[in-house]
There are 2 protein chains.
Amino acid sequence: MKIIEISKVLSNKTRVDILKWLKDPEANFPPHQDIDHFDDGVCVGFIQDKTGLSQSTTSTYLHAMQNADLVIPTRHGKWTYYKRNEPVIQAYIELLKREI
Amino acid sequence: MKIIEISKVLSNKTRVDILKWLKDPEANFPPHQDIDHFDDGVCVGFIQDKTGLSQSTTSTYLHAMQNADLVIPTRHGKWTYYKRNEPVIQAYIELLKREI
DNA sequence: TTTACATATCTAGAAATTTAGATATGTTTT
DNA sequence: AAAACATATCTAAATTTCTAGATATGTAAA
């Protein structure tokens, strides 16, 4: 895990917002219809609505976050759900504590 | 202090390196000639030598880091010395712990 | 087995970042 | 007061990021 790669993700307000929203899906998103929980996170459409950006941009951002290992995607039928990769997020903070 | 602003600084390897080097000036830089300590940090010339980048780029990076309040400049004669702003750096990590 | 829907990828233009050379500013030395 | 030196700022080109529209892909519904 590299500081630069994750810092790049965190250098954009929308991407940081997404990470924050995913801390508490119940508080930040409407309930899903197919499933009655947020165990695998939140579907792309809901995240897109919150960002106010285009579908492609939102998907690109999520992909960048996934690339940095900050989120984990899970497919359920037509939908892809994204949730936080908590261990990696915490490890990044610990890494900063040690390195910077 | 904003996450985005500091993350932008940390999204560049050279700038992260500078921050790391400044943790231990004795280990990473030759001794200054005018003064026999690193109490106010390290002069721009020494930092430039380590980066391998141009004088203007190094100065610009240092300025960006100062803008983000991550380093503190002190003038001694012809030289400007830069040192880490430890409380701000630690506060940023604490902020990340809470927010992201 | 088309059609509809959710998401991903491709393409591209606008904006920001990276970086260096040229020049300016401030300080010290001669 | 001029020359020398350390650092800062200006200008500009190359690269990267940001963002959306168009299109592709995968899944479910009709």
At B:PRO31, label 7 Å along Cα→Cβ: distances to the other copies, nm, ascending?
7.2
Suppose the Debye formula is applied to equal point scatterers at every Cα of the protein assembly as shown; what is log10 I(q)/I(0) at q = 0.10, 0.13 Å⁻¹?
-0.51, -0.74
Select from segment A:1-22 all residues whose loss of accessible area on going from the chain by itself to the full protein assembly reaches 40 Å² or more (probe 1.4 Å).
A:ILE4, A:SER7, A:LEU10, A:SER11, A:LYS20
If we restrict to alpha carbons, what Rg and Dmax does segment B:3-99 come to, in Å?
13.3, 44
Hits in segment A:11-29: amide N under 17 Å from the 7 Å Cα→Cβ extension of A:GLN66, namely A:15, A:18-19, A:22
What are the residues of segment B:72-100 that lose 50 Å² or more of accessible area, with a 1.4 Å probe, going from their chain alone to all protein chains?
B:ILE93, B:LYS97, B:GLU99, B:ILE100
Chain pair A, B: how much accessible area is buried, both chains summed, with a 1.4 Å probe, in Å² to 100?
1800 Å²
Rounded to the nearest whole Å², what accessible area per residue is found for segment A:40-100 with the 1.4 Å probe?
49 Å²
Could you list, in their original order, any pairs among A:LYS50/B:LYS13; A:LYS2/A:LYS83; A:LYS8/B:LYS83 whose Cα atoms are separated by more than 26 Å?
A:LYS50/B:LYS13
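The values are calculated or read from the model by the stated rules, or taken from the named source; none is laboratory data. These figures come from a predicted structure and were not determined experimentally. Cβ: placed from backbone, ideal geometry, glycine included. Neighbour counts: every protein chain shown. Heads up: the accessible areas ignore ligands, DNA and RNA and are worked out on the full protein's heavy atoms, side chains in. Shrake-Rupley method; radii C 1.70, N 1.55, O 1.52, S 1.80 Å.
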